[in-house]
Amino acid sequence: MLFSKSFIPTTREIPKDIEAKSHILALRSGLLYMASAGIYSYLPLGYRILKRIENIIRKHMDAAGAQELFMSALQPMEIWQKTGRDKTLAEVMIRFRDRRGRDLCLGPTHEEMITEIVKKNVFSYKQLPVILYQIQTKFRDEPRPRFGLLRTCEFIMKDAYSFDATEAGLEENYQKMLIAYQNIFTECGLKFVTTEADSGAMGGNVSHEFLVEAAVGEDILYYCPQCKKYNKAEGKCPACGKVTETKTMIEIGHIFKLGTKYSSAQEALFLDQTGARNPVIMGCYGIGVSRLLPAIIETNSDDKGIIWPKEVAPFDATLVVLGAALVSEGLALSQELEKSGASLLVDERNESAGVKFNDALLLGNPFTLILGKNYLSSKKIDVEIRRSGEKLSLTREELINFLIASTDKRG
Ligand SMILES: [Zn+2]
């Protein structure tokens, strides 16, 4: 993609009253547009990253046997009355009455809706187990939107739900999801912590939380420097007794064994092998998809900008073309590199070298390729590795091999 033709509104201005590093960098690098506090649009570069994150999630969910669906954002209030969550979630729910007099809400979550879908379509143990998931926008009347995409009124979640005939089936699916989550977060380049958690408003009794350490996190864990482990318990480390350090964390995923809380309340019953009717046994599995973007930036950035992990980077490399005389060479080189599978942002704008280098560092693609003086004299392309700052000088042939080896395209 040519920078001159792209819609990437980078800015050097740091917006006022913005606290989180990830929020500042997302706005400066033209990923987001803030319509109002807690309400964001994804601009093309931000959307490109979001899609890459979503596809990593899809890959691992599908591999674990989950099937993707897409539920309505509008939900009738009757289904919420069945579980009583019309009251417990009343404060955060965005509710209204339409012109036909229907009481509706914009879904803050989808347990009730998915339970209705399964209730109307699953009748026998022979149809179980099943895992369904979606990637969708959720809505919350958030009283304190903060930290950019970390706490918003409208956010994208991946929510999965498992339905089983037996507790052993639930356990099996729960373990599958636990492993899928670890694979997803690892592939997104996140250093995450898994803890057993308190299941709060979701009900059920077993849950695991996935968290990333960050200055703007709103969850707290206690880190033992001796055992190098994070604990939920305050006070001394339960393993070695050493005094722990308080760490702020961002929650990026949460999985729950719901049991029959929703299926009992909504009478989602199935016939078991003995002919008895029982409530379906459920699990639910959430990932804050739009939250992964700031979580990745918080932990993958420096004072110059973002350092995207290669799996979620908008492009494999930024090709900085210095001088109008080299533009046609730059275009030919980018075509050659794209043929070998690399994706490139070609910066052929009529801007100073300083502006181009600053934008390349800010946008944070894994490699900056520089077509400049060195190319004119020795036919070599300078390569700068964003994460390490390491510099190389490569011929076209060497560069192609380097990019193929380092971008390591996964299926
Ligand atoms: Zn310890």
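Short version: ³J(HN,Hα) in whole Hz for each residue of region 155-162, in order, from phi by Karplus 6.51 cos²θ - 1.76 cosθ + 1.60 (θ = phi - 60°), x for Gly and Pro, what are they?
8, 9, 10, 9, 10, 10, 9, 10
Report, in deg cm²/dmol and to the nearest 500, the calculated mean residue ellipticity at 222 nm for the chain, where each DSSP H run with n ≥ 4 adds -39500 (n - 2.57) and the sum is divided by the residue count.
-9500 deg cm²/dmol
Using only Cα atoms and rounding to the nearest 10 degrees, what angle (0 to 90) does helix 289-299 make with the longest principal axis of the chain?
Around 50 degrees separate the two axes.
Tilt of helix 327-339 relative to the longest C-alpha principal axis of the chain, in degrees (0 to 90, nearest 10)?
40 degrees
Which of the trypsin sites (Lys or Arg not before Pro) across region 80-168 are loop residues per DSSP, with 16 or fewer other Cβ within 10 Å? It would help to have the intermediate numbers written out before the result.
Numbers: sites: K82, R85, K87, R95, R97, R99, R100, R102, K119, K120, K126, K138, R140, R146, R151, K158; in loops: R99, R100, R102, R140.
Taking region 80-168 and a limit of 16 other Cβ atoms within 10 Å, the loop trypsin sites (Lys or Arg not before Pro) found are R99, R100, R102.
What longest region of the chain stays clear of GluC sites (Glu not before Pro) that DSSP places outside H, G, I, E and B and that have at most 16 other Cβ atoms within 10 Å?
The segment 92-217 is the longest one with no such site.
Could you work out the relative contact order of region 3-302? I mean the mean sequence separation of Cα pairs under 8 Å and 6+ apart, divided by the number of residues, in percent.
Reported as a whole number, the value is 19 percent.
Name the shape class, rounded, prolate or oblate, that the alpha-carbon gyration tensor gives for region 35-152, where a ≥ b ≥ c are the square roots of its eigenvalues, rounded holds for a/c under 1.5, and otherwise prolate holds if a/b is larger than b/c and oblate otherwise.
It comes out oblate by the Cα gyration axes.
Less than 12 Å from a label point 7 Å out along the Cα-to-Cβ axis of A215: which backbone N atoms in region 275-298 qualify, by residue?
Counting backbone N atoms under 12 Å from the label point, the list is 298.
Sequence-distant or interchain residues sharing an amide H contact under 5 Å with V346, placed H: which?
The list, which skips near neighbours in sequence, is L2, F3, L319.
I'd like the per residue volume of the convex hull spanned by the Cα atoms of region 3-302, given in cubic angstrom.
Working: hull volume 48.7 nm³, N = 300.
Measuring per residue, one finds 162 Å³ for the Cα hull of region 3-302.
Give me the percent relative contact order of region 1-117, please, defined on Cα pairs under 8 angstrom at least 6 residues apart.
Answer for region 1-117 is 16 percent.
Between region 71-86 and region 129-156, what is the separation of their alpha carbon centroids in Å?
After rounding, the separation between the Cα centres reads 16 Å.
With the Cα gyration tensor of region 197-323 in hand, convert its eigenvalues to equivalent ellipsoid semi-axes via √(5λ) and list them largest first in whole Å. Display every interim value, and only then the final one.
Working: eigenvalues 301, 135, 23 Å².
One finds semi-axes of 39, 26, 11 Å for region 197-323.
Can you tell me which lysines have their Cα less than 18 Å from the Cα of K391? Leave out same-chain residues fewer than eight positions away.
Within the straight-line cut-off, K391 pairs with K304, K310, K356, K373, K379, K380.
Show the residues, 5+ positions off or on another chain, whose built amide H is closer than 5 Å to the amide H of E68.
Here Y133 satisfy the definition.
How far is helix 396-407 tilted, in degrees, relative to the longest principal axis of the Cα atoms in the chain, given as a value from 0 to 90 rounded to the nearest 10?
Value to nearest ten degrees: 20.
FYI, it's all coordinate maths here, none of it is from the lab. Computed from a predicted structure; not experimentally measured. Please note: Cβ atoms are built from the backbone with ideal geometry, for glycine as well, and neighbour counts cover all protein chains shown.
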